[in-house]
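**Q** A single structure is presented below for examination.
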Amino acid sequence: MIKINNLLVKYKNLTALEVRELEFQDGIAYGIVGENGAGKTTMFKSITNIITNYDGEIYIDDQLVKKQNEVLASVGIVLDGMSVYADRTGWFNIRYFAGLRNCYDEAYAIELAQELDIYGVLDKKVKTYSYGMQKKLILLIAILSKPKYLILDEPFRGLDFETVKWFKEYLLKLRDTGTTLLISSHVRNDLETLCQKVHVISRGRIVDFLDLEEESKAMIRLIDTTNNQRATQIMRDMEFVFDEKDGKIRASIEQGNWQEVRNAIQAEGIEIIELSKTSSLDGRMN
Ligand SMILES: Nc1ncnc2c1ncn2[C@@H]1O[C@H](COP(=O)(O)OP(=O)(O)OP(=O)(O)O)[C@@H](O)[C@H]1O
């Protein structure tokens, strides 16, 4: 578990982050959202000792990060704009950073490089890589150690569609096998796909907490069909609660039950012309 107590991070006179109490439980994927400059990166840097001149305490697995920094061997981090040795090859960087963590596994590095489609360039100097290729290399280095905690600051920015897809699936696998994920993103879909819980930061303070997992169990849907009168009758017969808004049906139907409702509606030749979910992330993304 990662635990933050009375954290205060300042850059000269600017209070960048002030968090009284915050915990990240093991095996959960957390989203961190907030406007530009809210303090997300500052929080990630503090957790990983990139910033150390702060007040307060940060514990990882009950170890005080500032004092027992060896606990950071269990943390992988990818910050947007992070760099590696540009004058050296991809392979040099992989071996160097994995060596620092004592986790070099060549077969796994090759497997990941092939999945990320950068295997062919690993013998070239990093300065010849595109932005996306450099980011993939940094990702590879972060996940090579199979960290217990993986911290990702805007991980998908600058990656192509196929890589984002692969990476999201990979993260879901990690999540399901117990890795704790902390992901900052400005893209709502990224958070909804990956995260179970979301902390909202604004001007350096945690201002909200959303439990997306709980919410998806009681997802509010806006539905419009070619025959709303009959569709609502079907839903009433199935004992679902609904009301009507702007001529559309608004119902709370769990993901697991939605297929059944859809089938019953479509079985009568009624078409669903609009279906949208409303989420508490609405209006909170920047
Ligand atoms: N090295 C620095 N020196 C001075 N001020 C800084 C420094 N790094 C960040 N800040 C300031 O601290 C505040 C928090 O910045 P931070 O990078 O943590 O925000 P963020 O939420 O990650 O933003 P973004 O979404 O733009 O990445 C901002 O006001 C920023 O200008």
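**Q** Which residue is farthest from the chain's Cα centre (by Cα), if the candidates are limited to segment 149-165 and must be away from the ligand (no atom under 16 Å from the Cβ), outside any loop (DSSP other than H, G, I, E, B) and surrounded by 15 or more Cβ atoms within 10 Å (Cβ to Cβ)?
**A** Thr163
**Q** Where the second residue is open to solvent by 60 Å² or more (accessible area, probe 1.4 Å) and the first is under 15 Å from Trp258 (Cβ atoms) and lies in segment 232-243, which pairs have Cβ atoms under 7 Å and are six or more apart or on separate chains?
**A** Cβ pairs passing all conditions: Phe242/Arg250.
**Q** Condition test on Tyr104, is it more than 16 Å from the ligand (Cβ to nearest atom), in a strand (DSSP E or B) and of a type in the set (Ser, Thr, Tyr)?
**A** No.
**Q** Out of segment 108-122, which residues are in a helix (DSSP H, G or I) and crowded, with 17+ Cβ neighbours inside 10 Å?
**A** If the condition is that a residue be in a helix (DSSP H, G or I) and crowded, with 17+ Cβ neighbours inside 10 Å, then Ala109, Leu112, Ala113, Leu116, Val121 are the ones that fit.
**Q** Here's a follow-up. Of the numbered conditions (1) hydrophobic (A, V, I, L, M, F, W, C); (2) buried (at least 20 other Cβ atoms within 10 Å of the Cβ); (3) farther than 26 Å from Glu214 by Cα, Ile4 satisfies every one except a single condition; which is it?
**A** Among (1) hydrophobic (A, V, I, L, M, F, W, C); (2) buried (at least 20 other Cβ atoms within 10 Å of the Cβ); (3) farther than 26 Å from Glu214 by Cα, Ile4 violates only (3).
**Q** While we're looking at this one, here's another question. So Gly76 clears everything in (1) in contact with a Leu (Cβ under 6 Å, 6 or more places away or on another chain); (2) modelled with pLDDT of 95 or more; (3) open to solvent by less than 60 Å² (accessible area, probe 1.4 Å) except one condition, right? Which one?
**A** Of (1) in contact with a Leu (Cβ under 6 Å, 6 or more places away or on another chain); (2) modelled with pLDDT of 95 or more; (3) open to solvent by less than 60 Å² (accessible area, probe 1.4 Å), only one is false for Gly76: (2).
**Q** Does Lys45 qualify as being within 16 Å of the ligand (Cβ to nearest atom), of a type in the set (Lys, Arg) and open to solvent by 30 Å² or more (accessible area, probe 1.4 Å)?
**A** It is true that Lys45 is within 16 Å of the ligand (Cβ to nearest atom), of a type in the set (Lys, Arg) and open to solvent by 30 Å² or more (accessible area, probe 1.4 Å).
**Q** Looking at (1) open to solvent by 90 Å² or more (accessible area, probe 1.4 Å); (2) within 24 Å of Glu192 (Cα to Cα), can you tell me which one Arg250 breaks?
**A** All conditions pass for Arg250, except number (1).
**Q** Still on this structure, please answer the following. Residues of segment 195-214 being under 19 Å from Lys10 (Cα atoms), open to solvent by less than 20 Å² (accessible area, probe 1.4 Å) and of a type outside the set (A, V, I, L, M), which ones?
**A** Matches in segment 195-214: Gly204 only.
**Q** Of these, Asp62, Asp55, Asp105, Asp87, which one is exposed (fewer than 15 other Cβ atoms within 10 Å of the Cβ) and on the phi > 0 side of the Ramachandran plot?
**A** The conditions single out Asp62.
**Q** Among Glu18, Glu23, Glu35, which is the only one that is closer than 28 Å to Thr177 by Cα and assigned by TED's automatic domain parsing to the domain that holds Leu152?
**A** Glu23
**Q** Only one residue in Asn93, Asn13, Asn69 is modelled with pLDDT under 95 and either within 16 Å of the ligand (Cβ to nearest atom) or open to solvent by less than 50 Å² (accessible area, probe 1.4 Å) (or both). Which one?
**A** Just a single option satisfies the conditions, and that option is Asn13.
**Q** Looking at Leu182, Leu191, Leu172, can you tell me which residue is at pLDDT 85 or above and not in a helix (DSSP H, G or I)?
**A** Of the residues listed, the single one that is at pLDDT 85 or above and not in a helix (DSSP H, G or I) is Leu182.
**Q** If I ask for residues that are within 21 Å of Gly81 (Cα to Cα), touching a Gly at 6+ places or on another chain (Cβ under 8 Å) and not small (Gly, Ala, Ser), which ones from segment 94-140 would you list?
**A** Result: Ile118, Val121, Leu122, Lys124, Val126, Tyr129, Tyr131, Lys135, Leu137.
The values are calculated or read from the model by the stated rules, or taken from the named source; none is laboratory data. Note that the structure is a prediction, hence the values are computed from the model and not measured. Please note: Cβ atoms are built from the backbone with ideal geometry, for glycine as well, and neighbour counts cover all protein chains shown. For the accessible areas, the whole protein counts, side chains as well, though only heavy atoms, and no ligand, DNA or RNA atoms are used. Shrake-Rupley method; radii C 1.70, N 1.55, O 1.52, S 1.80 Å.
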